[in-house]
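What follows draws every value from the coordinates through simple rules; no lab data is involved. Predicted, not measured: the structure shown is a model, and the values here were computed from it. Every residue, glycine among them, receives a Cβ derived from its backbone with ideal geometry; neighbour counts consider all protein chains shown.
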Amino acid sequence: MCGICEKENRNSLCYECRKKLQKEFCFKKIKSKNKYFIEQYYFFKYKDLARKLILEMKFEKKPYIYKTIQYFLEKNKKCLENLKKYDIIIVVPLSRKRIHIRGFNQSQLIAQCISNILQIKIQKDILYKTKNIPPQSTLNKEQRMQNIKGVYKVKNIEYLKNKNILLIDDIYTTGSTLNECSKILVNKGIQKQKIGVLTFAKD
């Protein structure tokens with residue numbers, strides 16, 4: 001079944017929807033300034049079909065959409081060459097309460113797509129979220145920065161020694177969440193030059 005139009009299809013993305021999604025695909029790399037990570041990647045602008053995919057996966061409990069995303073990215077595998085330099089993937093974690101409500105971490109599913117395609121290991125026991133907070137999407141830039149402070153903790157930092165780390169989240173808006181996660185790693189001795197971030201979409 002096509003994850004976009006939901007028509008019966010032997011693949012998880014039909015030909016017509018793939019063409020539409022391809023028009024939106026704009027894989028970009030941006031050098032980061034005044035952040036705790038060195039570079040940022042994203043696949044789509046946060047609008048149209050890409051936005052629909054993320055929102056349906058997150059809020060309409062359609063985790064199977066990650067198969068649609070993986071199928072599409074596999075067809076654009078050559079664009080992902082720059083990501084091969086990373087040794088480990090770390091996913092921005094959700095709180096236990098949010099996982100319980102949603103049933104899954106959408107960023108984990110996106111990370112699994114990248115891991116499957118590029119054969120980069122996801123290291124699950126590094127970052128964790130200590131409490132549930134108001135969704136970042138409901139706040140302005142200043143509120144987001146305050147909302148996220150002190151929420152994440154790190155353990156098993158020794159696993160990251162001399163590794164290039166790719167932090168993955170679903171959407172990049174102000175970058176507050178990814179910057180906070182990167183800051184925690186840097187404060188534990190990881191070089192900023194070793195950290196890149198990737199999101200499915202950028203607002």
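Summary of values
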{"read-out": "Residue order, fewest to most beta carbons within 10 Å, for F200, F59, F37, F25", "value": "F59, F25, F37, F200"}
{"read-out": "³J(HN,Hα), Karplus 6.51/-1.76/1.60, whole Hz, each residue of the range 109-125, x for Gly, Pro", "value": "5, 5, 4, 5, 4, 5, 4, 5, 6, 9, 6, 9, 5, 8, 8, 8, 10"}
{"read-out": "Spin-label model distance (nm) - K131 vs K78, 7 Å beyond Cα toward Cβ", "value": "5.0 nm"}
{"read-out": "Vicinal HN-Hα couplings computed from phi for the range 150-159 (Karplus, 6.51 cos²θ - 1.76 cosθ + 1.60; Hz; Gly/Pro x)", "value": "x, 7, 9, 10, 10, 9, 6, 4, 5, 5"}
{"read-out": "Net dipole in debye of the range 28-202 [+1 Lys, Arg Cβ; -1 Asp, Glu Cβ; about Cα centre; nearest 20]", "value": "180 debye"}
{"read-out": "Protection-proxy order for peptides 26-32, 124-130, each taking the mean of Cβ atoms within 10 Å per residue, highest first", "value": "124-130, 26-32"}
{"read-out": "P(r) weight above 13 Å for the range 1-63, C-alpha pairs, percent", "value": "69 percent"}
{"read-out": "Set of lysines with alpha-carbon distance to K47 below 18 Å, sequence-local pairs under 8 removed", "value": "K19, K20, K23, K28, K58, K202"}
{"read-out": "Largest-first ellipsoid semi-axes for the chain, taking √(5λ) over the Cα gyration tensor eigenvalues, angstrom", "value": "27, 19, 16"}
{"read-out": "Per-peptide average of other Cβ atoms within 10 Å, ordering 3-12, 111-120 highest first", "value": "111-120, 3-12"}
{"read-out": "Candidate lysines - alpha carbon under 19 Å from K161, same-chain residues fewer than 8 apart omitted", "value": "K84, K85, K121, K124, K153, K183, K188, K192, K194"}
